Amino acid sequence: MLNKYPLWKYLLILAVLAIGLVYSAPNLYPDDPAIQVSGTSTALKIQQADLDKATEALKQAGIEIKAASVSERGGLLRLTKLGDQLPAKDVVRKALGDDYVVALNLAPTTPDWLRKLGAAPMKLGLDLSGGVHFLLEVDMEKAVTARLKIYEGEVRTLLRKERVRYRSLPSQENGFQLGFTDQESLDKAQSLIRKSFTDFDMTTTERGGQQVLQLTLKQAKLAEIREYSIKQNLTTVRNRVNELGVAEPIVQRQGANRIVVELPGVQDTAEAKRILGKTANLEFRLAAEATASKASTESFEFREPGRPPVPLERDLIITGDQVTDAQASYDENGRPQVNIRLDGHGGELMSRATRNNVGRSMAVIFIEQRPITRYVTQDVDGVQKEVAVQSFKEEKKIISLATIQSPLGSQFRITGLDGQGESSELALLLRAGGLAAPMYFAEERTIGPSLGAENIVKGIESTEWAMVFVSLFIIAIYRFFGFLATIALAFNLVLLVGLMSVIGATLTLPGIAGIVLTLGMAVDANVLIYSRIREELNNGLSVQRAIHEGFDRAYTAIVDSNLTTLLVGGILFALGTGPIKGFAVTMSLGIITSMFTAIMFTRGMVNLIFGGRNFKKLWI
């Protein structure tokens, strides 16, 4: 029988419609502005008492709170107004102190039953929902200092190997200096260093009855180290953002020593701030021997309390930026560890240092920059206000001290970590890439829509007007069949929003333009079908035969035209940047949903209404 669908096709259409409605529904629930609170390390867990303290401080500041909750990821304070986020962050940070990370957030309001089904709203781009803007400043001088320590250790190792006696002297700017008791030792040292190290300018002087050799890095090498530091940190930040799974982030260099990071619509900015802000750098040093002089050693505390400080050699074996891979796992006793793999040069340095020191202890030092916030009273527009001034303190503590059982190479493991959370975080940070230099948060702020909330309103209005005008046009031309096309158009919009929500696509302002364009293009298939039905009726075919031929003969033209447009959308996505990709995604997905609604859904409605019935005339 013509124009009759089997039952399974009707059930399939209903199932797709139901799934589309469920997964597009979360977009009806806007996110709450919120403040996220977490510890500066995974070991510090947020307690209800911490949130109560923050809540009381917000109430005293006159900031209204919608709700407060504690989870494994930290504490969340939901606010009623978006404009309260920045002042609320300052109040909470002052109340809790420097041991906590306080960051801006957007808290979802999707009902639990939808979240249990895996339904979530579309991610909005920076031009619609805003997001978080970080300006990170790279400490170039620390990068130079770290590189100098490695050079100094290699020079001292070379002199000891060649049995040239020297004396350690205080470091100087962009270099270091060594003392010698006689001219012969100085000349030999200069000759050895000149052959092995070409990046230094060497000068000599006499001071305190000894010959002093001053080694200063050349300007070209200093510029190379600084350029490497910013590039390495830029790569590391990009990798860390990728590990966070943020949609369409912006990570780019600004000036000589700054990096801009923009994270649109992130759900856990506290986690992002902690991961991005940590240096997560490592230093590997040998434990000092009992006969070592105080000038050549330095004492460090352990991260875990209760253990006495340990003196270590000042010379570094390697640093964390020579780590190429890191994976968290467990040792044979079920304790967390991180398996480390070094690059070629790092493996060579580790092998050289451990080959002759079997039986000695080697320490792994974890380096991080801890924020210190103090509040000073300043005159702001004629009013005395407390202003937060943030500085950073470098903290170096031992996380592992183990005896070298055999020479190490490019692969080994770090133990002595405080739980699986710390081992996973350390592995993530090292896997993403070690920082060549510490970074500080020079600026943090929310980014509102580029044209304000008016962008969202006008985007919705443009979609509604497009729907209205297209519907009026199709109804005026094709009458009742135009009404069926309008229902299919609404179904198409629901499917498109649901599909974008399911795959986690980011909706931007150009993306809204893609939706509006999709609505206009979606009726093309209906126009082809309906025009074909008219043509078959004019050729004298019966109503049932005309409907059947109209759908069947228009099918090839519909598929060909949509596939060529889909090809263009793929090219735009592959070659375009953020805004272009946003447009390409919505247009491409809209083509897929419009083909389904035009070919299958519209025909299902026509078959249900006209199939098997004796119509003499068709108003189309």
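The values are calculated or read from the model by the stated rules, or taken from the named source; none is laboratory data. The structure displayed is predicted, hence computed values, not measured ones. Because the Cβ atoms are built from the backbone with ideal geometry, glycine has one as well, and the counts that use them run over all protein chains shown. Protein only, heavy atoms only, side chains kept; ligands, DNA and RNA dropped before computing areas. Shrake-Rupley method; radii C 1.70, N 1.55, O 1.52, S 1.80 Å.
Residues whose amide H falls under 5 Å from that of Phe300, counting only those 5 or more places apart or on a different chain, are Val310, Leu312, with hydrogens built in the peptide plane.
A compact globular protein would have a Cα radius of gyration near 2.2 N^0.38 Å; the ratio found for the range 146-193 is 1.10.
For the chain, adding -39500 (n - 2.57) for each run of n ≥ 4 DSSP H residues and dividing by the number of residues yields -15500 deg cm²/dmol at 222 nm. 3J(HN,Hα) along the range 155-170: 5, 5, 4, 4, 5, 5, 4, 8, 6, 9, 6, 9, 10, 6, 10, x Hz, from the Karplus curve 6.51 cos²θ - 1.76 cosθ + 1.60 with θ = phi - 60°, whole Hz, x for Gly and Pro. From the largest down, the range 560-620 spans 55, 17, 16 angstrom on the principal axes of its Cα atoms.
Approximating the spin labels as points 7 Å out from Cα along Cα→Cβ, the Lys4-to-Thr377 distance works out to 9.0 nm.
Straight Cα distances below 17 angstrom link Lys81 to the lysines Lys59, Lys66, Lys89, with same-chain residues fewer than 8 positions distant left out.
Considering only Gly511, Tyr440, Gly306, and ranking their Cα positions along the charge dipole of the chain that arises from unit charges at the beta-carbon of Lys, Arg, Asp and Glu, the one farthest toward the positive end is Gly511. Every pair of different Cα atoms in the range 27-176 enters the Kirkwood calculation, which places the hydrodynamic radius at 19.5 Å.
Surface composition of the range 544-594: carbon and sulfur make up 71 percent of the accessible area, probe 1.4 Å. Ligands, DNA and RNA left out, the 1.4 Å accessible surface of the range 91-226 is 48% carbon and sulfur atoms. With q set to 0.13, 0.28 Å⁻¹, the log10 of I(q)/I(0) for the range 517-579, from the Debye formula over equal scatterers at the Cα positions, is -0.47, -1.09.
Bridging of Lys617 to lysines at a Cα separation below 25 Å is possible for Lys4, once same-chain residues fewer than 8 apart are set aside. Solvent-accessible area of the range 33-78 (1.4 angstrom probe, protein heavy atoms only): carbon and sulfur portion equals 47 percent.
For Asp315, no residue has an amide H sitting under 5 Å from its own, ignoring neighbours fewer than 5 places away on the same chain, with H placed 1.01 Å from N. Kirkwood radius and radius of gyration were both taken over the C-alpha atoms of the chain, and their ratio Rg/Rh is 1.13. Looking at the range 284-379, the accessible area is 51 square angstrom per residue; that uses a 1.4 Å probe and ignores ligands, DNA and RNA. Close amide H partners of Leu169, meaning residues 5 or more places away or on another chain with modelled amide H under 5 Å apart, are Gln177, Gly179. Cross-link candidates for Lys123: which aspartates and glutamates have Cα within less than 12 Å, leaving aside residues fewer than 8 places away along the same chain? Counting by Cα, and skipping residues close in sequence, Lys123 has these aspartates and glutamates nearby: Asp31, Glu248. In terms of overall dimensions, the C-alpha atoms belonging to the range 1-81 reach 75, 32, 16 Å along their principal axes, ordered largest to smallest.
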